[in-house]
1. Once you sort the root eigenvalues of the Cα gyration tensor of the chain as a ≥ b ≥ c, which label holds: rounded (a/c under 1.5), prolate (a/b larger than b/c) or oblate (the other case)?
2. Cβ neighbours within 10 Å, averaged per peptide: list 201-207, 188-194 in order, most packed at the top.
3. Tell me, what ³J(HN,Hα) does each residue in segment 68-78 have, in order and in whole Hz, if you take phi through Karplus 6.51 cos²θ - 1.76 cosθ + 1.60 with θ = phi - 60° and put x for Gly and Pro?
4. Evaluate the distance, in nm, between pseudo-label points positioned 7 Å from the Cα of His147 and of Lys48 along their respective Cα→Cβ axes.
5. Once a ≥ b ≥ c are taken as the square roots of the eigenvalues of the Cα gyration tensor of segment 6-122, is the result rounded (a/c under 1.5), prolate (a/b larger than b/c) or oblate (a/b not larger than b/c)?
6. In nm, give the distance between the simple-model label positions of Met80 and Val189, each being 7 Å from the Cα along the Cα-to-Cβ direction.
7. Distance between the C-alpha centers of segment 124-201 and segment 38-116? Whole Å please.
8. What percent does the relative contact order of the chain come to when contacts are Cα pairs within less than 8 Å and at least six residues apart?
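Derivation of every value follows stated rules applied to the coordinates shown; laboratory data play no part. Fair warning: this is a prediction, and the values are worked out from it, not measured in the lab. Virtual Cβ from ideal backbone geometry, glycine too; neighbours counted across all protein chains shown.
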Amino acid sequence: MAKKRPAITLGKAQLHIRERLQRRYGHLQPIQPEDLATAYHTALRLAKTFSEAVKLCTAECNQPNLEWQCRPGNGVKNPMRILEKAFNEEVPLDFLGGKIIASTIKQVYEVAREIPKHFEVCGFKDRFEIPQKSGYRDLQFQVKLSHGHIAELKVVHQAMDELDAIEHRIYEIVRMLAAQEMNVSESKVYEQLRNTSKNLYADVWQSILEAEVRR
């Protein structure tokens, strides 16, 4: 018999944070105000400022053991990935991306409450409540910087973030296969890898929930 998965239990304060963020920002659909090339160059100019803002926000959350990261190198999404995304959607909103990494679900929501104090929020998704198809979960914010440029800021649980760093290698192979016409063997590999990702995220989510129940 399958082990019953514990349900995540948020306190009244965390539920209030979730509801307030969803009510104020969940319905918004931000659009990058510039064309692809201009937005890329704007992101290059704003990368250092954005990184400093994420660092400051993390420090002023007054929560223990928080970590923060922005994209390495010049701080801007790889141009090839930008072009790939641009074929499938509007000008991407994640030229600039940052994340704040928390050690508990409660802390995730406490940090999320502070985001609007430091950034102009123009979009929000609670992907703990409704995860990605792969099972990856976080709180995703779109925030407006100077010149109206939109960046992505995530608040993520440490265990989910650690898996994501490894699983991304699987994702890259899946993405490569999906971009081409697959033969029978490639289709089998594609499905197997997708299922592997789902199982990995499900296992990590299970461990997070169990840890929360024990607290």
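1. Details: a/c = 1.84, a/b = 1.02, b/c = 1.81.
Cα axes put the chain in the oblate bin.
2. On the way: 201-207: 16.4, 188-194: 14.1.
Listed from highest to lowest mean packing, they are 201-207, 188-194.
3. 9, 8, 10, 4, x, x, 7, x, 10, 3, 3
4. Using points 7 Å along Cα→Cβ, the separation is 1.5 nm.
5. On the way: a/c = 2.18, a/b = 1.61, b/c = 1.36.
Note, shape of segment 6-122 comes out prolate.
6. Placing both labels 7 Å beyond Cα along the Cβ direction yields 1.7 nm.
7. The distance from the Cα centre of segment 124-201 to that of segment 38-116 comes to 16 Å.
8. Worked out over the chain, it gives 23 percent.
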